Amino acid sequence: MVTKTQETELSNLESQVDNGGGGAWEYLCLVRNLKVRRSEKVLKHGLSILSDPKKRSSLGPDEWTLYEQVAIAAMDCQCLDVAKVLQKRFQESKRVGKLEALLLEAKGFWEEAEKAYSSLLEDNPLDQAIHKRRVAMAKAQGNISGAIEWLNKYLEIFMADHDAWRELAEIYVSLQMYKQAAFCYEELILSQPMVPQHHLAYADVLYTIGGLENLQTAKKYYASTIDLAGGKNTRALFGICLCSSGIGQLSKGRNKDDKESPELQALAATALEADYKQRASDKLPLLTTALKSLKVSS
């Protein structure tokens with residue numbers, strides 16, 4: 001995740017390079033380290049270095065890294081001829097093999113790309129980048145079931161990849177497969193318990209599934225989201241109000257132990273109203289109406 005400081009640094013350096021102030025190599029290194037997509041800029045400034053023998057020779061062992069970075073940017077920009085020329089710069093290399101497979105992908109030759117990736121995995125079954133390319137290929141073809149299959153296989157090997165768990169969860173949510181999505185968010189919470197976004201997403205899924213037990217659990221995770229976010233999460237505050245309303249309706253006629261305590265919902269409603277007064281005072285009447293409809297008040 002790119003911080004605001006890093007984003008500012010990247011923006012300033014990009015402006016400097018665009019205006020002829022130098023620092024092209026530093027800019028390309030920063031783009032690569034931050035793993036951000038600036039394909040057109042990378043292609044433009046990378047080619048300017050590669051076309052200058054002096055600049056290119058000064059890179060030493062990093063010369064190949066630049067060829068690879070610019071070749072990928074060329075594919076991103078659909079400059080496939082440029083990518084092919086750059087890819088041929090180094091022969092008989094596994095990294096070139098990856099570029100060849102990427103080029104097949106860019107051309108839409110899916111079967112050939114799959115064969116190329118399978119061949120590369122025979123040599124190195126633990127190559128994360130190639131496993132991820134298989135997921136990306138399935139998504140590019142609209143094969144969502146295939147993407148789910150490859151992601152599950154990937155996570156059997158690389159269980160600590162938080163981004164992959166989150167991606168799988170989001171796919172399940174898009175398909176309304178909420179129980180499967182809940183499992184993914186549980187894994188994320190276990191591995192990254194201090195990330196409020198995981199708690200919030202898990203609560204949203206449980207609320208969507210519904211039922212008294214799920215609403216009660218969702219309410220707890222909305223509360224933990226607020227706690228981790230320092231009390232500043234409007235969505236989680238409203239989630240508590242929604243859960244409280246739903247629990248109240250489902251608890252009618254049940255034992256007192258099953259009924260909802262009004263304290264937390266009142267605190268959430270008060271915090272919501274304070275937040276709206278500060279950031280969107282003109283929308284406060286809408287919030288008040290919504291809370292009344294949920295039979296929740298501060």
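Remarks
- Qualifying residue in the stretch 193-213 (condition: without any contact (Cβ under 8 Å) to a residue 24 or more places away in the chain and acidic (Asp, Glu)): yes
- Scanning the stretch 143-188 for residues that are outside any helix (DSSP H, G or I) and over 14 Å from the mean Cα position of the chain (by Cα) returns Asn143, Phe158, Met159, Ala160, Leu175, Gln176, Met177.
- Lys220 out of contact with any Pro (no Cβ under 6 Å at 6 or more places or on another chain), in a helix (DSSP H, G or I), in the same structural domain as Leu267 (by TED's automatic domain parsing) and closer than 19 Å to Thr270 by Cα: yes
- Criterion violated by Lys256 - all others in (1) crowded, with 16+ Cβ neighbours inside 10 Å; (2) modelled with pLDDT under 85; (3) out of contact with any Asp or Glu (no Cβ under 8 Å at 6 or more places or on another chain) satisfied: (1)
- Failed condition for Val42, given (1) at pLDDT 90 or above; (2) exposed (fewer than 11 other Cβ atoms within 10 Å of the Cβ): (2)
- Selected residue (criterion: farthest from Glu112 (Cα to Cα)) from residues of the stretch 126-142 that are in a loop (DSSP other than H, G, I, E, B) and not acidic (Asp, Glu): Leu126
- Reported count of residues in the stretch 223-235, each being more than 19 Å from Leu188 (Cα to Cα) and either assigned to a loop (DSSP other than H, G, I, E, B) or of a type in the set (Ser, Thr, Tyr) (or both), is 5.
- Within the stretch 113-124, the residues that satisfy the criterion of being free of Cβ contacts under 8 Å to residues at least 24 places away in the same chain and exposed (fewer than 15 other Cβ atoms within 10 Å of the Cβ) are Lys115, Ser118, Ser119, Leu121, Glu122.
- Residue match in the stretch 223-232 (condition: modelled with pLDDT of 95 or more and either of a type in the set (Ser, Thr, Tyr) or farther than 17 Å from Leu264 by Cβ (or both)): yes
- For Val85, the stated conditions do not hold, so it cannot be described as in contact with a Leu (Cβ under 8 Å, 6 or more places away or on another chain) and of a type in the set (A, V, I, L, M).
The values are calculated or read from the model by the stated rules, or taken from the named source; none is laboratory data. No experiment lies behind these values; they were computed from the predicted model shown. Cβ sites come from the backbone with ideal geometry, for glycine too, and all protein chains shown count toward neighbours.
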